[in-house]
Amino acid sequence: MSSIEHLHRSRFRASFPDPEQLLHAVAHLRAAGHRVLDTYTPFPVHGMDEALGQRPSRLPRACLAFAALGLALAAGLQIWTSAVDYPLIMGGKPLLAIPAFIPVAFELTVLLAGLGVVASFFVAARMRPRLRIPDLHPGANDDRFILAAELAADVQFPAVARELADLGALDSSLLVEDRFRRDGAFWDRPAGVGMLLLACLPAFLLLALVPVLNRDFQRRNQAWDGGMGAPLSAQAYDASGVLPGGKVLQAPPPYTLSRRGEPPLAFAAGKAEAERAGRELQNPYQPTQARFNRGKLVYERVCATCHGREGDNNGSVIVARGAFAPTVLVSPAVRDMPDGRLFHVATFGGPTKMKGYGDLLSREDRWQVVLYIRELQKAAKPVAAPAQATGVQP
Amino acid sequence: MAHDADVLSASGIPAAEAERYGHNLPLIDGNKTYRQVTEEVFAPTERRPPLRWWLALAVTLSMLSLGAWAVVQTLTRGIGTWGLNRTVGWAFDITNFVFWVGIGHAGTLISAILFLFRQRWRTSINRAAEAMTLFAVMCAGTFPIIHMGRPWLAFWATPYPNSRGSLWVNFKSPLLWDVVAISTYFIISLTFWYIGLIPDLATQRDRAKTKLKRTILSLFSLGWNGSNRTWSRYETVYMLLAGLSTPLVVSVHTIVSMDFATSVIPGWHATIFPPYFVVGAVFSGFAMVLTLMIIARSVMGLEEYITTRHLEAMTKVVLATGMIVGMAYATEFFTAWYSGNPYERYVFLNRALGSYQWAYWTMVGCNVLSPQFFWFKKVRTTPWMIFILTIFVNIGMWFERFVIIVTSLHRDYLPSSWAMYRPTFIEVAILIGSFGLFFTLFLVFTRVLPMIAASEVKGVLKHVEH
């Protein structure tokens with residue numbers, strides 16, 4: 001399409017080789033009653049805002065609003081996650097450790113302010129990725145200083161063109177149609193800034209709750225540091241504030257496999273299963289000196305506390321405390337049990353007294369303990385079955 | 001500068017005479033027109049790169065490939081491929097991280113702080129220095145991510161709603177502050193750099209010969225047409241971003257220093273760390289800017305834009321910050337002695353006289369002694385001398401981080417856990433790879449985008465230093 005059809009009747013442009021001449025021409029045109037719409041220059045010409053009668057940009061307001069939003073989000077995020085949703089004591093610091101929240105709050109304030117003011121700039125200046133850009137003012141990005149203006153009511157363009165040539169214009173012509181719209185974005189209206197600040201209010205109120213939530217009646221004076229000097233500490237057996245039911249350690253979900261890479265055992269807990277294990281399982285390890293040593297080590301660390309170092313309950317802690325008597329391992333009843341059954345008890349525990357050690361000891365260690373118990377039984381003096389060994393549960 | 005001794009400066013005095021008194025000199029040599037600036041600044045992006053550019057790219061890509069190989073080794077075989085042990089659990093990776101972050105800070109200092117101080121000579125170097133910042137921060141970011149061992153889970157360091165019950169990151173940990181600070185720094189630096197690029201992208205778009213290039217540049221130049229309304233807002237936004245970046249850059253290295261200072265390791269647990277690290281960052285960053293600019297100006301023929309006066313101004317910053325760094329070294333010893341803390345005293349004696357004394361004295365020699373040559377004007381205005389000295393400063397600042405980290409860790413409280421650290425080939429290869437990444441990105445940058453901010457240089461073309 002021909003640009004002639006779109007020539008504006010009263011708008012024109014002129015280009016100059018120098019910023020001073022452009023400034024001069026703008027002042028001249030405005031004095032003569034023309035309306036200078038805008039100038040197009042390769043770099044910002046200082047004094048042009050005043051010459052055009054353009055008011056200073058209000059983008060600093062947008063920057064302030066976004067900074068407040070960033071601060072509010074950072075405060076809200078840190079307070080809610082650290083003190084409300086996940087109240088875990090870390091490093092002995094109070095849950096609401098305001099000094100420790102300052103760095104992240106500062107960074108997010110800067111981040112939101114920077115990105116926000118740039119986004120506002122793009123919106124205000126209607127800058128967006130464009131596939132085709134009409135070259136309305138050729139040279140404006142290179143070495144030409146161009147103005148666009150609207151003729152005063154009763155003036156013809158040729159007369160103005162001659163004046164402009166006298167002022168140093170390299171060329172001037174009527175303007176191809178272009179859109180000049182008045183800008184108006186939220187930060188140009190006080191209400192817009194107010195609304196955004198209002199949106200930040202809940203987070204600031206949350207911030208104001210800090211001294212209330214952090215209240216400690218035993219302390220006389222309010223510490224400036226939000227209590228950073230008085231470390232919190234969790235006591236042994238305290239309920240956890242994080243896991244449901246106050247647990248401090250979660251049981252593994254059902255069907256969890258061992259990280260040791262052992263395949264699951266095809267047995268469940270219970271006496272019937274223990275007897276089946278006795279029938280079906282063989283100790284896969286032969287007694288060697290190394291296995292004996294390992295079995296002895298594990299036995300003495302884990303089993304001997306209750307069963308005694310010799311397997312005869314001698315020195316048993318729970319017997320000494322008068323709780324109950326564990327099964328005597330060197331008794332004939334236990335001696336007659338197959339290896340698989342002892343292994344099952346070591347894994348799943350007995351029917352009434354003993355707990356299972358399947359989650360603490362590796363499968364190899366449990367078999368080695370069985371080997372060691374066999375050695376204990378061989379070394380034990382053949383005595384009559386003690387009175388305690390009433391049950392068969394080991 | 002020999003070649004302008006017989007020409008007149010902008011104010012009509014013989015240049016040599018004017019230079020002696022240091023005034024009435026234009027910021028840009030060669031008495032250029034606006035058109036000339038456009039042609040010369042955009043020329044490298046429009047012609048085919050010369051053979052030596054390809055050779056340089058081949059070298060840097062080889063370094064990058066070596067680093068990539070080492071990273072793959074680390075990830076597939078594990079962190080055990082590094083020389084770390086229980087006592088020295090942090091060494092090469094964190095040294096390189098702090099080194100690269102520090103390098104980046106000069107770019108922000110030049111683009112933001114010198115802008116706020118109205119140091120107009122910054123216009124010739126700010127674009128390249130900001131690009132250097134971005135590339136350096138990218139290099140820095142790779143190290144902690146690799147050290148995670150499973151970098152594809154790096155997003156765990158961000159607070160995002162997850163399906164693991166209530167589980168959030170620890171906002172009281174300096175390591176998390178670090179994640180937030182470095183990410184913010186990268187994003188804001190990228191934004192600042194891009195905003196500064198838009199007018200030049202528009203010029204590049206107007207000059208584009210091929211349709212593809214024109215389309216891409218149209219997308220990125222956002223319809224820029226040089227309108228004064230836009231310029232007016234642009235200058236406001238630029239000023240605001242400079243104002244935001246200035247405290248940001250200080251906060252970033254402060255937080256990096258807190259990774260160490262908030263721990264209880266003697267040699268780390270000191271309040272001097274934040275200013276000490278920030279100044280060290282500026283020192284090393286300016287040295288790296290000088291190293292790069294001295295190569296770039298001669299390779300790309302930009303001596304009239306990046307003049308010896310620019311170099312001289314930067315060497316003065318290097319000298320000043322180098323002396324502050326030297327002062328910090330002395331202060332650390334005084335603090336250790338004055339604290340009366342035997343562990344603190346031992347750490348510093350061990351630094352200077354222990355097993356890593358070679359690293360300590362390399363650091364002191366490079367960082368405290370070598371900048372002293374910049375007291376001489378002849379040295380400040382001779383590019384090859386500046387080049388050699390800034391290389392020394394870069395080496396010294398790398399060793400400073402190594403000394404702080406390794407010497408403080410390797411002698412633990414319990415003599416039974418004392419250990420030595422030495423990097424493995426894999427670690428050295430990753431460091432070489434990070435230099436490869438940095439220089440590859442820089443080489444590509446010089447051929448794809450205008451290395452000098454043409455619109456800013458045009459604005460100071462008629463400006464004469466008084």
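What to note about this one:
- Qualifying residue in the stretch B:372-381 (condition: within 29 Å of B:ILE94 (Cα to Cα) and free of Cβ contacts under 8 Å to residues at least 60 places away in the same chain): yes
- Among residues of the stretch A:31-45 being part of a loop (DSSP other than H, G, I, E, B), of a type outside the set (A, V, I, L, M) and at the interface with chain B (Cβ under 8 Å from one of its Cβ atoms), the one that is surrounded by the most Cβ atoms within 10 Å (Cβ to Cβ) is A:PRO42.
- Helices (runs of 4 or more DSSP H) contained entirely in the stretch B:1-102, each with at least 3 residues that are at pLDDT 80 or above and within 14 Å of chain A (Cβ to nearest Cβ): B:34-46
- Criterion applied to A:ALA119, A:ALA113, A:ALA125 was being modelled with pLDDT of 90 or more, at the interface with chain B (Cβ under 9 Å from one of its Cβ atoms) and within 30 Å of B:VAL460 (Cβ to Cβ), and the one residue passing it is A:ALA113.
- Boolean, B:PHE277 is at negative phi and buried (at least 20 other Cβ atoms within 10 Å of the Cβ): yes
- Selection of the stretch B:117-158 for residues being of a type in the set (S, T, N, Q) and either in contact with a Leu (Cβ under 7 Å, 6 or more places away or on another chain) or modelled with pLDDT under 90 (or both) yields B:GLN119, B:THR123, B:SER124, B:ASN126, B:THR158.
- Of everything listed in (1) out of contact with any Leu (no Cβ under 8 Å at 6 or more places or on another chain); (2) more than 14 Å from chain A (Cβ to nearest Cβ), the single unmet condition for B:VAL282 is (1).
- Search result, residues across the stretch B:212-256 that are aliphatic (A, V, I, L, M) and either more than 25 Å from the chain's Cα centre (by Cα) or within 7 Å of chain A (Cβ to nearest Cβ) (or both): B:LEU212, B:ILE216, B:LEU217, B:LEU219, B:LEU222, B:VAL237, B:LEU240, B:LEU241, B:LEU244, B:LEU248, B:ILE255
- Taking the criterion of being within 8 Å of another protein chain (Cβ to nearest Cβ) and within 20 Å of the chain's Cα centre (by Cα), the residues of the stretch B:165-182 that qualify are B:VAL180, B:ALA181.
- Residue list for the stretch B:365-382, filter: in a helix (DSSP H, G or I) and either in contact with a Ser or Thr (Cβ under 7 Å, 6 or more places away or on another chain) or among the polar types (S, T, N, Q) (or both): B:ASN367, B:SER370, B:GLN372, B:PHE374, B:ARG380
- Residue count, the stretch B:351-386 (criterion: among the polar types (S, T, N, Q) and in contact with a Phe, Trp or Tyr (Cβ under 8 Å, 6 or more places away or on another chain)): 3
- Any hit, the stretch A:236-254, residues being among the aliphatic types (A, V, I, L, M), part of a loop (DSSP other than H, G, I, E, B), under 30 Å from A:LEU95 (Cα atoms) and at pLDDT 80 or above: yes
- Residues of the stretch A:46-55 classified as in a loop (DSSP other than H, G, I, E, B) and more than 7 Å from chain B (Cβ to nearest Cβ), total: 4
- Test: A:LEU108 is over 30 Å from A:GLY139 (Cβ atoms), touching a Ser or Thr at 6+ places or on another chain (Cβ under 9 Å), within 9 Å of chain B (Cβ to nearest Cβ) and surrounded by fewer than 21 Cβ atoms within 10 Å (Cβ to Cβ): no
- So A:ALA389, is it loosely packed, with under 15 Cβ neighbours inside 10 Å and at pLDDT below 90: no
- Against the conditions (1) facing chain B (nearest Cβ under 9 Å); (2) touching a Phe, Trp or Tyr at 6+ places or on another chain (Cβ under 7 Å); (3) closer than 24 Å to B:TYR238 by Cβ, A:ALA65 satisfies every one except (1).
- Evaluating A:PHE145 against the criteria (1) at pLDDT 85 or above; (2) in contact with a Lys or Arg (Cβ under 7 Å, 6 or more places away or on another chain); (3) aromatic (Phe, Trp, Tyr) leaves one unmet condition, (2).
- Restricting the stretch B:424-466 to residues that are hydrophobic (A, V, I, L, M, F, W, C), within 12 Å of chain A (Cβ to nearest Cβ) and surrounded by fewer than 21 Cβ atoms within 10 Å (Cβ to Cβ) leaves a set whose member that is nearest to B:GLY301 (Cα to Cα) is B:LEU461.
- Candidate set from the stretch B:27-59 (those that are hydroxyl-bearing (Ser, Thr, Tyr) and buried (at least 21 other Cβ atoms within 10 Å of the Cβ)); member that is farthest from B:VAL448 (Cα to Cα): B:TYR34
- Any hit, the stretch B:404-415, residues being over 24 Å from B:LEU55 (Cα atoms), surrounded by fewer than 22 Cβ atoms within 10 Å (Cβ to Cβ), in contact with a His (Cβ under 9 Å, 6 or more places away or on another chain) and at pLDDT below 90: no
- From the list A:ARG301, A:ARG279, A:ARG321, the lone residue that is of a type in the set (Lys, Arg), exposed (fewer than 12 other Cβ atoms within 10 Å of the Cβ) and under 23 Å from A:ALA379 (Cβ atoms) is A:ARG301.
- Residue within the stretch B:331-352 that is within 22 Å of the chain's Cα centre (by Cα) and surrounded by 15 or more Cβ atoms within 10 Å (Cβ to Cβ) present: no
- Among all positions in the stretch A:260-282, there is at least one residue which is at pLDDT below 85 and within 30 Å of A:LEU88 (Cβ to Cβ).
- Flag if B:PRO450 is under 27 Å from the mean Cα position of the chain (by Cα), closer than 26 Å to B:TRP69 by Cβ and touching a residue at least 40 places away in the same chain (Cβ under 8 Å): no
- In the stretch B:226-269, the residues that are of a type in the set (D, E, K, R) and in contact (Cβ under 8 Å) with a residue 24 or more places away in the chain: B:ASP259
The values are calculated or read from the model by the stated rules, or taken from the named source; none is laboratory data. Quick caveat: nothing in here was measured; it's all calculated off a predicted structure. When we count neighbours, we look across all protein chains shown, and the Cβ atoms used for this are built from the backbone with ideal geometry, even at glycine.
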